[in-house]
Amino acid sequence: MHDGALHALWQDNALRLGTADAVHATLRQAIIAGLLKPGDRLGEEFLAREFSVSRTPVREALMRLAAEQLAVRVSRKGLTVRSMSESEVFDFYSVRIVLDALAARLAAQVATPAEIAQLRWLNERM
């Protein structure tokens, strides 16, 4: 596990969210970014010490990760980061493409002329 990167995520989330939400957001971001790999153990005690919080918000965050199917319970190992099949990744990105397009369309409908000008400027730089 990349402790420095995990701590950076934690510090950012802990400043803006409640404890359980911050633990959940940190672990979710770490899984999505690949800082936590499939098969990595998500131990309550370790994570509580890592984030200097009680086990209760960690337990709540882990239950949410399991409900989101980002974590799975493995016998004799406890909760671990779940691996995703190639087709699940494809399905995820297919949905993401549609949602991102919708978000862009909705944002464009309410954008001010100044925001549009700034986006055009950024697009030219890219």
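The numbers here are math on the coordinates, done by the rules we state, and not lab data. Keep in mind the model is a prediction, meaning the values are calculated, not measured. Counting neighbours? That spans all protein chains shown, and the Cβs are built from the backbone with ideal geometry, glycine included.
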Test of understanding: in a Gaussian network model of the chain with alpha carbons linked when under 10 Å, which of Ala101, Ala20, Ala67 would top the mean-square fluctuation ranking? Ala101
Between Ala71 and residues 5 or more places away or on another chain, the pairs with built amide H atoms under 5 Å apart involve Ala66, Arg82
Based on alpha-carbon positions alone, could you give the equivalent ellipsoid semi-axes of segment 1-56 from the gyration tensor, as √(5λ), descending, whole Å? 16, 13, 10
Trypsin sites (Lys or Arg not before Pro) in segment 29-126 lying in a DSSP loop, each with at most 16 other Cβ atoms within 10 Å of its Cβ, come to Arg76, Lys77
May I ask you to evaluate 6.51 cos²θ - 1.76 cosθ + 1.60, the Karplus curve with θ = phi - 60°, for each residue of segment 29-44 and list the ³J(HN,Hα) values in order in whole Hz, giving x for glycine and proline? 4, 5, 5, 5, 7, x, 5, 9, 9, x, x, 5, 6, 10, x, 4
For the chain: relative contact order, % (alpha-carbon pairs under 8 angstrom, 6 or more apart): 20 percent
Report the label-to-label distance for Glu115 and Lys37 in nanometres (one decimal), using points 7 Å from each Cα along the Cα→Cβ vector. 4.1 nm
In nanometres, the difference between 0.36 nm per residue of separation and the alpha-carbon distance of Ala101 and Glu88 is 2.7 nm
With θ set to phi - 60°, apply the Karplus curve 6.51 cos²θ - 1.76 cosθ + 1.60 along segment 51-66 and write out the HN-Hα couplings as whole Hz, x wherever there is a Gly or Pro. 9, 6, 10, 6, 6, 4, x, 5, 4, 4, 5, 5, 4, 5, 4, 5
Can you give the three extents of the C-alpha atoms in the chain along their principal axes, from longest to shortest, in whole Å? 56, 36, 23
